[in-house]
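All remarks here apply to the structure that follows.
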Amino acid sequence: LTLVFIGDGAPAGNYGYTNSGYSVYEEENERLTESLRTKVSAIKSLSIEIGTEVKNQNKMLSEMDNDFDSTGGLLGATMGRLRTLSRGSQTKLLCYMMLFALFVFFVIYWIIKLR
């Protein structure tokens with residue numbers, strides 16, 4: 001951006017003004033000022049959009065944080081139940097697993113026999 005001062009190289013009598021009332025330099029300054037105004041307006045609208053997007057992203061992150069906290073609590077409760085189950089007698093657990101395996105075996109045998 002080049003600033004042009006009125007009166008540079010102009011005759012001393014009219015201070016750079018032409019007969020129409022505006023100097024070439026002043027017209028150029030007006031054009032550059034309007035261009036700058038347009039660019040500042042575009043930057044302002046862009047920064048407003050960025051601010052809105054940041055607010056939306058922060059809201060989403062907050063919701064995700066709450067979801068992770070609740071999931072962590074659920075996982076902690078499940079791990080506690082698993083610890084309680086594992087502290088029980090191993091023979092009881094082994095018996096349940098054998099009964100389940102026998103049940104699955106008989107269901108599969110029955111399905112094959114009905115074909």
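Structure data summary
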read-out	value
Heavy-atom surface of region 24-87, accessible at 1.4 Å and reported per residue (Å²)	88
Positive-pole candidate from ILE43, ASN56, THR78, dipole of region 26-87, charges at beta carbon	THR78
Residue-by-residue Karplus 3J(HN,Hα) for region 74-82, coefficients 6.51, -1.76, 1.60, Hz, glycine and proline x	5, 5, x, 5, 5, 5, x, 5, 5
Base-10 log of normalised Debye intensity for region 24-87 (one unit scatterer per alpha-carbon) at q = 0.12 Å⁻¹	-0.60
Sparse-neighbourhood loop sites, trypsin sites (Lys or Arg not before Pro) in region 56-102 - DSSP loop, at most 12 other Cβ within 10 angstrom	none
Potential extension, PHE103-SER70 segment - 0.36 nm per residue separation minus Cα distance	8.3 nm
Carbon/sulfur fraction of accessible area - region 24-87, other protein chains in place, 1.4 Å, %	61
Long-range amide H partners of SER23 with built H, under 5 Å	THR18
Length gained when the stretch GLN57-GLU26 is fully extended (0.36 nm per residue, less Cα-Cα span)	6.6 nm
Neighbour-limited loop hits for GluC sites (Glu not before Pro), region 42-108 (at most 14 other Cβ within 10 Å; DSSP other than H, G, I, E, B)	none
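The values are calculated or read from the model by the stated rules, or taken from the named source; none is laboratory data. Just so it is clear, the structure is predicted and the values come from calculations on it, not from any experiment. All Cβ positions, glycine included, derive from the backbone under ideal geometry; neighbour counts span all protein chains shown. The area values use the complete protein model at the heavy-atom level, side chains included, leaving out ligands, DNA and RNA. Shrake-Rupley method; radii C 1.70, N 1.55, O 1.52, S 1.80 Å.
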